[in-house]
Structures are given as structure tokens and as C-alpha cells.
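Read through the structure below, which is laid out as C-alpha cells, and then see the notes.
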Amino acid sequence: MKCSEKENASSYFALEEGKVKMKVCLKFHLYSSYPPCGDATIFPISKHNSHNILSEDVGTPVPDNSTPVIEKQAHIIRSNNFDAPHDKTETETLEPSPKKMKLSEDTNRTGAKCVEGAQIDPKRDGLEYHTVSVLRTKPGRGDRTLSLSCSDKILKWNQIGMQGSLLSIILSEPVTLSSVIIGSECFNLESCKRAFFTRYPDNNKHLEIHNYTQAEFVDQRHVDKVPCPDSSLFVAGSQSFREAYVAGLRQGWSKKKLDNPKSWSSVCQTKLA
């Protein structure tokens, strides 16, 4: 956190009984250009929120179901029936039956997988594809990870704070979020509430959730964009060094040689432990 010229660290922090306490005026807000992976992205797709929604499972747009299937079929039939009387307009629709209306209902899907031992996804058609309120691991196209989904991490932060084990030694209180802002039209308030606090047994720690789409994030998720697998690390100081990675591995090392400590990142959990 950077202080202005007229402010210093004492404006935000105070020492109490040998630990650092943040003042109540200090708030933390999380912005995400897309709903966090996992439970927050699982919700019914209806004519109100199905436009241009991305499916995490396949990375392609979910079909727009804003017009029921039976209505589209009825429009095609009327367009090709030249002998039909013309006392009805083209925009008039047939009344769909409840059974056929179910064809237009689906679930926005997540690629996050249920953790081992938890209730699994039934993967049935429509609204019964996913199981909600369960812990999931992060989605990915490579090796399966043990890291929990972003929805599960925010749930944990909301209960015990996001300061981590190191800062918890010097902080007197947990650091929690005041609000989460989702900058995407792919948004469902009830699913975010469920993902972030209501699914926890002791759900008295609520946080504000906002949907803001007026400002577009330039590098937001898009079907035409693929994340680059390359990354780099630069450590400054008296013993500064650089490292390059490809898909999370040290550049020049294959998966077959991961048992060699030289192939490990300098900031991996094994070396930092």
C-alpha cells in the first residue's frame, strides 16, 4: 500500500500489544472481470442472463436461449407455409408446452472439478449438470491441480481472512474483503452469495457483491484469446536473478526430468518451505 505525501503508515496501522492493527477506515475490495471459477459460475441460464455467456468447461459461448426453441420452430413453419391465412403477424408465437420449454433451460458450466471424496457432478442435461455448494479444484487444460477454485478461496478469505500464515503472526485481526465487484454480463447474484458465504454453516460473515459492466476490462476473458503459457521471474537485490517458465515449468526442462531439483522454480513451495 502506497501512502500519499501527507500520509504515513501510522494513518492506517497502529501497534497494540506487540501486533499491528489496521484502522477501521482501511477497506479492501476485489475486482474480477469474470465470475470466479467454481461455484460462483454455476447458475441457470435464462432469457435474462444467457446472452454471450462463456462456458468454462469448453471455452465457447453457450447458445443464446433467450428465444424458446418452440418459438423459433413456429416462426420457421409460419415463414414456409404460403397457404396459411394472413390474419396472424410473423412475430406472433405459439404457446410452448412446459415440457418443451425445458429445452431452453441450461446451466452455466464451470471447468472446476469436485474434490476427491465430495459429491460429484451428475452431468445430466439442463439444470442437473452440476452439483452446487461443493469444494472444487481449479480448472485447467494441463495436469490436474490441488489448488482450490477461486470461489472456494474467497469463501475461505471471508471466514478466516486473506492475510496468509506469515502476516497472521504480526497482525492482530484477520484481513477480510469489504466487497467483490464482478465486471461481466455473465453474473448471477444468488450464485455468488452461495459461493462466497451462504453455503458455509456459520454464514454470518456476509460481504457486498456488485455487478459493474460499464467499464470494459481490455484483457478480459474472450473466446478469441488464448492465455500465453510463458512467464518470467525477476528477483532484485544483491543476489538478483531471472528465471523463465513455460506452462509452469523451468524453460528447457521436460516433465520427465521434474525429479531433478534444478528443474524446480526458485519460488515453488518446496524451496520456500
Legend entry - Only one of Lys193, Lys225 that is open to solvent by 100 Å² or more (accessible area, probe 1.4 Å) and not acidic (Asp, Glu): Lys225
Legend entry - Considering residues of region 241-258 that are more than 28 Å from the chain's Cα centre (by Cα) and modelled with pLDDT of 85 or more only, the residue least open to solvent (accessible area, probe 1.4 Å): Glu243
Inset, instruction - Kindly establish whether Thr131 is of a type in the set (Val, Ile, Thr) and not in a loop (DSSP other than H, G, I, E, B). - result: no
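Among the residues of region 195-246, write down those that are hydroxyl-bearing (Ser, Thr, Tyr), over 30 Å from Trp264 (Cβ atoms) and outside any helix (DSSP H, G or I).
We begin by selecting, within region 195-246, every residue hydroxyl-bearing (Ser, Thr, Tyr); these are 198, 200, 212-213, 231-232, 238, 240, 245.
Subset that is over 30 Å from Trp264 (Cβ atoms): 198, 200, 212-213.
Selection gives Tyr200, Tyr212, Thr213.
Among what's in region 140-166 and is open to solvent by 80 Å² or more (accessible area, probe 1.4 Å) and outside any loop (DSSP other than H, G, I, E, B), pick the residue that is farthest from Gly248 (Cα to Cα). Even if it seems obvious, please write down each step before you answer.
Within region 140-166, the subset open to solvent by 80 Å² or more (accessible area, probe 1.4 Å) is 141, 143-144, 146, 156, 160, 165-166.
Keeping just the survivors that are outside any loop (DSSP other than H, G, I, E, B) gives 156, 160, 165-166.
Details: Lys156: 25, Ile160: 29, Ser165: 24, Leu166: 24 Å.
Looking at the filtered set, the residue picked out is Ile160.
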Inset, instruction - Residue by residue through region 81-114, note down the ones that are outside any loop (DSSP other than H, G, I, E, B), modelled with pLDDT under 50 and open to solvent by less than 100 Å² (accessible area, probe 1.4 Å). - result: Met101
Inset, instruction - May I ask you to list the residues in region 115-139 that are at positive phi and surrounded by 11 or more Cβ atoms within 10 Å (Cβ to Cβ)? - result: Lys123, Gly126, Ser133
Inset, instruction - Please go through region 11-34 and pick out each residue that is part of a strand (DSSP E or B) and either of a type in the set (D, E, K, R) or open to solvent by 80 Å² or more (accessible area, probe 1.4 Å) (or both). - result: Leu15, Glu16, Lys19, Lys21, His29, Tyr31
Legend entry - Candidate set: region 35-48, residues that are open to solvent by 30 Å² or more (accessible area, probe 1.4 Å) and in a loop (DSSP other than H, G, I, E, B); chosen: the one modelled with the highest pLDDT: Ser46
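With the requirement that a residue be among the hydrophobic types (A, V, I, L, M, F, W, C) and touching a residue at least 40 places away in the same chain (Cβ under 8 Å), what does region 229-272 give you?
Taking region 229-272 and keeping what is among the hydrophobic types (A, V, I, L, M, F, W, C), we get 233-236, 241, 244, 246-247, 249, 253, 258, 264, 267-268, 272.
Listed by number, the list holds a single entry, Ala247.
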Legend entry - Leu155 vs. criteria under 14 Å from Asp39 (Cβ atoms) and modelled with pLDDT of 90 or more: yes
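The values are calculated or read from the model by the stated rules, or taken from the named source; none is laboratory data. Just so it is clear, the structure is predicted and the values come from calculations on it, not from any experiment. Here the Cβ is made from the backbone with ideal geometry for all residues, glycine too, and neighbour counts use every protein chain on show. Ligands, DNA and RNA are excluded from the accessible area calculation, which covers all protein heavy atoms including side chains. Shrake-Rupley method; radii C 1.70, N 1.55, O 1.52, S 1.80 Å.
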